[in-house]
Each structure stands twice: as C-alpha cells, then as structure tokens.
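The values are calculated or read from the model by the stated rules, or taken from the named source; none is laboratory data. Everything numeric in this text was worked out from a predicted model, so none of it was measured. All Cβ positions, even for glycine, are placed from backbone atoms using ideal geometry, and neighbour counts span all protein chains on display. Just so you know, the surface numbers come from the protein's heavy atoms only, side chains and all, with ligands and any DNA or RNA stripped out. Shrake-Rupley method; radii C 1.70, N 1.55, O 1.52, S 1.80 Å.
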Amino acid sequence: MLHILVTMMIKEGRMQEFLAVCEELRPQVLQEKGCLAYDYTREVPSPLGIQEPLEPNRITLIERWESLDALKAHMEAPHMKKAAARLKDLRASVTARVLESAF
C-alpha cells in the first residue's frame with residue numbers, strides 16, 4: 001500500500017474556488033480501482049508542542065492507494081487531467097511525498 005502526502009499552497013483569495021474543484025473531484029477519485037483514501041485537510045491549532053506554524057493557505061491531500069499501478073492509472077484518468085488544468089492557476093506550489101509502510 002502507498003501513502004501519498006500532497007502539500008499545496010493555495011494562492012491568496014483562491015481557496016474557495018480551489019475547494020469547489022476538489023469537492024467535485026473527490027467522489028470521482030474515490031470510485032477509482034485501488035483508491036483507499038483521498039482526503040483534503042486543513043491545519044488546526046492544537047496543544048502539540050511539535051506542530052509546525054499554521055499556514056491558512058496550505059492544504060494537505062492524504063491519499064492511500066493499493067499499489068503503484070493504481071496510482072499510475074489515477075494520474076492518467078480523464079477527470080484528473082481535467083482537474084489539473086483547473087487547479088493549475090489556483091495553486092502557488094505543490095509538492096508530494098510517496099510513502100510505504102516501514103514494517
């Protein structure tokens with residue numbers, strides 16, 4: 001199983017538009033073969049002393065996929081290509097970490 005953490009900085013004033021596209025996309029992705037989770041998250045204050053400073057324009061997408069092949073198919077899905085074009089101008093940056101269980 002793969003875990004994907006996608007960190008996106010959303011351009012100032014574009015958060016609602018960004019989330020609207022993501023809300024439309026999410027159900028389509030969850031129907032894909034091999035998708036186990038696809039959750040957009042925002043930061044909240046907490047009592048954890050190790051928490052990074054809050055960034056209101058940062059969205060973290062937490063994905064889980066059964067396999068690398070399922071992830072590859074996801075990236076080629078027509079709805080992903082359409083969403084990528086729509087999201088391109090709403091994000092200031094995007095980075096990803098692809099992880100597997102350590103044991």
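Some points to look at:
- Spin-label pair THR95-ARG26: with each label point 7 Å from Cα along the Cα-Cβ axis, the two points sit 2.5 nm from one another.
- Applying 0.36 nm per residue to the separation of LEU5 and SER46 and subtracting their alpha-carbon distance, the gain on full extension is 12.7 nm.
- Equivalent ellipsoid dimensions for the range 19-69 as semi-axes, Å, which come from the Cα gyration tensor, largest first: 27, 15, 7
- Cα shape, the range 1-45, gyration tensor, a/c 1.5 rule: oblate
- Listed by chain and number, the lysines whose C-alpha is less than 23 Å from the C-alpha of LYS88, apart from same-chain residues fewer than 8 away, are LYS11, LYS72.
- From phi via Karplus (6.51, -1.76, 1.60), per-residue ³J(HN,Hα) for the range 65-78 in Hz, x at Gly/Pro: 10, 5, 7, 5, 4, 5, 5, 4, 4, 4, 5, 9, 5, x
- With a cut-off of 10 Å between beta carbons, the residues surrounding HIS3 carry a summed charge of 0, where Lys and Arg count +1 and Asp and Glu -1.
- Length-normalised contact order of the range 1-95 in % [C-alpha pairs under 8 Å, at least 6 apart]: 48 percent
- Placing +1 on each Lys and Arg Cβ and -1 on each Asp and Glu Cβ, with no other charges, gives the chain a dipole about its Cα centre of roughly 280 debye.
- Helical content alone sets the calculated 222 nm signal of the chain at -10500 deg cm²/dmol, taking -39,500 (n - 2.57) per DSSP H segment of four or more residues and averaging over every residue.
- The chain, accessible surface, carbon-and-sulfur percent (1.4 angstrom probe): 57 percent
- Listed values (i) 24, 15, 10; (ii) 23, 20, 11; (iii) 22, 16, 15, entry calculated as semi-axes √(5λ) of the Cα gyration tensor in Å: (ii)
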